[in-house]
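Before any comments, here is the structure.
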Amino acid sequence: MVQILYGAIVVFFLFFGTRSLQDQPPVAVHYYVIALYFFVLLFEFRGNPFSRSIYVLLALLLLGNAMIQFFYVENGVLFGLVSLLFAWFALQARRRITR
């Protein structure tokens with residue numbers, strides 16, 4: 001059931017990222033990176049996680065996204081905080097992965 005929910009979240013963020021790509025590209029980047037985060041978590045829940053370097057790359061993408069949201073998007077502080085929180089969670093997930 002959780003896998004279906006995470007799959008729906010990925011599709012939701014991909015849809016809204018594509019929808020806002022023309023008008024607000026930084027917000028679309030936020031949606032795409034969050035969709036990537038949930039996509040990686042979906043594979044972790046299925047029992048075949050990605051390698052540890054993917055989690056580091058994901059955390060770096062989320063940190064870069066947070067900086068974009070803080071400095072380029074008007075009223076993007078909440079998006080930036082969400083990205084920072086998910087970057088922290090990605091680094092914590094990296095510690096759980098043994099391979």
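Of all residues in segment 43-72, those that are in contact with a helix residue (DSSP H, G or I) (Cβ under 8 Å, 6 or more places away or on another chain), under 21 Å from Ala8 (Cβ atoms) and not in a helix (DSSP H, G or I) total 2.
Being touching a helix residue (DSSP H, G or I) at 6+ places or on another chain (Cβ under 9 Å), modelled with pLDDT under 95 and of a type in the set (Val, Ile, Thr) is a description that does not apply to Ile4.
Summed over segment 70-86, residues that are among the polar types (S, T, N, Q) and either more than 14 Å from Tyr37 (Cβ to Cβ) or in contact with a Pro (Cβ under 6 Å, 6 or more places away or on another chain) (or both) total 1.
Given the conditions (1) surrounded by fewer than 18 Cβ atoms within 10 Å (Cβ to Cβ); (2) on the phi < 0 side of the Ramachandran plot; (3) outside any helix (DSSP H, G or I), and given that Asn75 satisfies all but one, which numbered condition is not satisfied? That leaves (2) as the condition not met.
Within segment 35-52, residues that are surrounded by 14 or more Cβ atoms within 10 Å (Cβ to Cβ) reach partners that are assigned to a loop (DSSP other than H, G, I, E, B) and among the hydrophobic types (A, V, I, L, M, F, W, C) with beta carbons closer than 7 Å, at six or more positions or on different chains, in the pairs Val40/Phe50; Phe43/Phe50; Pro49/Ile97; Arg52/Ile97.
The values are calculated or read from the model by the stated rules, or taken from the named source; none is laboratory data. Since this is a predicted model, take the numbers as computed values, not measurements. Backbone-built Cβ (ideal geometry, glycine too); neighbour counts: all protein chains shown.
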